[in-house]
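The values are calculated or read from the model by the stated rules, or taken from the named source; none is laboratory data. None of these values were measured; they are calculated from a predicted model. Neighbour counts are summed over all protein chains in view; Cβ atoms, including those assigned to glycine, are modelled from backbone coordinates with ideal geometry. Keep in mind that these areas ignore ligands, DNA and RNA; they rest on the heavy atoms of the full protein, side chains included. Shrake-Rupley method; radii C 1.70, N 1.55, O 1.52, S 1.80 Å.
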Amino acid sequence: MSLKQSAPLSVYTKRPQFGTRFLTDPRQVFQHNAWDNVEWTEEQETAAKKKVSENSQPLPTEKQEEYDSRANEYWNDFYTIHENRFFKDRHWLFTEFPELAPRCSLNHESHPGVCGTDDVQQNGLDEEQCSEAASLPHTDGDFPGSSATYRILEVGCGVGNTVFPILKTNNDPGLFVYCCDFSSTAVELVKTNPEYDPGRCFAFVHDLSDVEANYPIPSGSLDVIVLIFVLSALHPNKMQASISRLASLLKPGGVILLRDYGRYDMAQLRFKKGRCLSENFYVRGDGTRVYFFTQDELHELFVGAGLEKVQNLVDRRLQVNRGKQLTMYRVWIQCKYRRALVQPS
């Protein structure tokens with residue numbers, strides 16, 4: 001699978017009105033720390049394309065192969081250095097992804113009308129299932145969490161900044177959360193966290209790009225899979241097979257939730273020459289890698305895995321450092337893709 005050329009920012013699907021802070025007077029830009037749904041000017045888009053083009057000369061093949069073969073080492077070093085000090089819990093998760101805590105009373109109005117019609121199947125358990133779940137103890141059975149009625153897997157869990165908010169917020173007695181990471185150092189940090197509860201959670205080491213590696217859960221057993229800034233760390237040639245493997249783990253009606261870097265995000269424009277591995281794919285100073293997507297590329301990956309689109313939108317933010325009088329334009333893409341309730345024969 002070869003990822004396509006970038007689409008202009010102007011053709012991105014507009015994000016539904018989630019934020020309420022809009023910059024209507026440029027003179028007021030430093031009045032707040034962030035602005036929502038910021039439109040790019042034609043000049044900004046042209047400048048971004050020029051910047052990316054200037055720094056697009058790929059590194060020699062042997063260097064690319066080195067970063068690929070030593071990826072595990074680089075991520076372990078990353079978590080050894082930062083441990084859990086570098087990260088903040090993602091409390092925005094439950095506004096953007098109510099599927100992570102469907103029984104809780106949260107604000108689910110961030111994107112009205114985008115979640116389709118199968119609300120009970122997609123967003124949680126019905127009343128009868130909830131009643132049954134409350135009476136079920138968690139036992140290992142054939143696999144960890146086998147008696148659970150609502151199963152969530154986070155791939156690329158890092159030190160648990162998604163997993164632990166889910167466990168705290170979602171009090172469904174039928175919930176079981178799986179989490180995995182490429183880095184054994186990260187997984188160990190999750191397991192040694194005081195909030196780690198083996199009765200509700202199972203952390204394990206796993207390489208998403210290795211489609212032959214087994215997951216500790218059978219196919220067709222997951223309600224939700226979470227990918228938060230993790231798919232972008234894979235080599236582009238391995239993305240389609242990895243998504244297809246994940247899709248096979250979903251129950252009918254199960255959903256994959258993704259948030260990742262969009263084309264021309266500030267992080268992409270900051271890369272200097274000598275950091276490009278291939279088109280829109282870069283290596284950071286610490287050896288970890290990152291790809292910057294368009295909506296169409298992600299759509300092709302998920303549809304290629306047999307999933308149906310529920311949501312695919314761009315999130316453009318203007319972040320402001322008021323102390324240094326700096327503006328930073330962020331571009332993220334958010335997706336929800338679902339396994340069909342009735343599988344084609």
Checking the table 251/309; 168/191; 50/238; 238/309; 51/273; 50/273 against a 19 Å threshold on Cα-Cα, which pairs fail? 50/238; 238/309
Given the Cα-Cα distance of residue 207 and residue 39 and 0.36 nm per residue of separation, how much length would full extension add, in nm? 56.8 nm
Once 317, 103, 289 are ranked on solvent-accessible area with the largest value leading and a 1.4 Å probe, the list reads 103, 317, 289
Given R₀ = 25 Å, what would the calculated FRET efficiency be for residue 296 paired with residue 266, taking r from the Cβ atoms and rounding to 0.05? 0.75
Packing-based ranking, highest mean first, of 266-273, 277-284 given that Cβ atoms within 10 Å are counted: 277-284, 266-273
Site residue 63, offset 7 angstrom along Cα→Cβ, radius 12 Å on amide nitrogen, limited to region 247-276, gives 272-276
Calculate the all-directions average of the projected area of region 221-331's alpha-carbon convex hull, and give it in nm². 8.2 nm²
Applying 1/(1 + (r/R0)^6) with R0 = 30 Å to the Cβ-Cβ distance of residue 47 and residue 70, what FRET efficiency is obtained, to the nearest 0.05? 0.30
